[in-house]
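What follows is a set of notes on a single structure, which appears directly below.
The values are calculated or read from the model by the stated rules, or taken from the named source; none is laboratory data. Computed from a predicted model, the values in this text were never measured in an experiment. Positions of Cβ are generated from backbone atoms using ideal geometry, with glycine treated the same way; all protein chains shown enter the neighbour counts.
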Amino acid sequence: MAVRVAYCAFFFYNVVELENQCYGNANANAGDYMESPLRVQMQKSKFMIKGKKVKVNGRDFVIGVDGGGVDTVVALADMEGKIVARAVSGASSPRNGGIVACVKNVAEGIGAVLKNKKNIKIVSTFIGLPAMEEEYKNRKSEIIRELKKNKKIIKIFNGKTTIGSDQLAAFRSGANGQDGIVAICGAGVAVHGWNNGKELIINNKGWLVDKGSGNWIGRHAARAIAEAADGRGLETKLTGLVFKKFKFKDINDLLKFVYENPTVNLPKLAVLCDAAASDGDKVAREILVGAGKEIALAVRVAAAKLLFSEQVPLVLAGGVYKSRWVADTAMNEISRYYPGKFDFVVVADPVAGAVKLALEARN
């Protein structure tokens, strides 16, 4: 299996080809999972700068925004696509928090990359947000109106401002063509495919019903801890890791944490699930392998309906793929059913796709 890692420094990607590597046994269970001999490490571009002063040359720039259920990443780039400033703000999913809260965090991130840059011109901005292909598809004008209320970012409206899908931004961060599939798996999940004018989106209905996402992993982790506390389930290292990380005294602290803000707090448990799995915890491994299989199933369904006649890119974007249990399981399962059909591209930071779309939209 060949896997490409897009480093997102420029749009002509620096790519690492990992040829003929074994990514574990596709039929393995969590308990006898084979560790990959070579791991794909997702890395941030050296141009993605946070907390540093950057000398900006020239006048014309674009902005790309990658919104999400936990945070929002904003990048300022020159006209060659080189990212010169980067900021991270709060969640920007209109589905989870509503338009006002979404726009507040988007504006905060844009304001951060524009700070102290008075003489630059923003010729184009692409804002990729969750749920823009679903229930918020026809509410883009509302988002624009809300954004215009923030005077600190008003200069973006001197150029072209586009509200679009985080799914498209993620796909374009790892692919230059029009056809292929993106499997987003961060706090939320979505599988979106295109083939010769045909388009399909699945496993994209939100945190209550999605499968394989950070929210899904977090729900299963919380359930495992609760069942262990009751004596209904196996003991798990998740309990100790979660309680230590968040300074919980008992199960009631966990319940309060989860139910107060589930869409933000559940994905935080996914990181600890990976830590427990890496430490040999069978319960955590089963959760993560299950997530990988759910992602693979969604991709397989999309591929069966889109009927690709040649190899196309399959872009894997989102923080959940930092878990080897999820990433390897997903790629193994997909390759088992569709050998040689996909060119796997693991994307470190989907905001590069939003920058690319901003550059294209200026014309």
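Taking region 99-157 as the search range and keeping residues that are touching a residue at least 40 places away in the same chain (Cβ under 8 Å) and among the acidic types (D, E), which one is nearest to V351 (Cα to Cα)? Across region 99-157, the extreme among qualifying residues is E133. Of everything listed in (1) part of a helix (DSSP H, G or I); (2) without any contact (Cβ under 8 Å) to a residue 40 or more places away in the chain; (3) not hydrophobic (A, V, I, L, M, F, W, C), the single unmet condition for N332 is (2). Across region 130-184, the number of residues qualifying as part of a helix (DSSP H, G or I) and either out of contact with any helix residue (DSSP H, G or I) (no Cβ under 7 Å at 6 or more places or on another chain) or buried (at least 16 other Cβ atoms within 10 Å of the Cβ) (or both) comes to 21. Of the listed requirements (1) modelled with pLDDT under 95; (2) closer than 21 Å to S213 by Cα, V73 misses just one: (1).
Comparison of G67, G81 shows that the only residue that is at pLDDT 90 or above, assigned by TED's automatic domain parsing to the domain that holds I154 and crowded, with 24+ Cβ neighbours inside 10 Å is G67.
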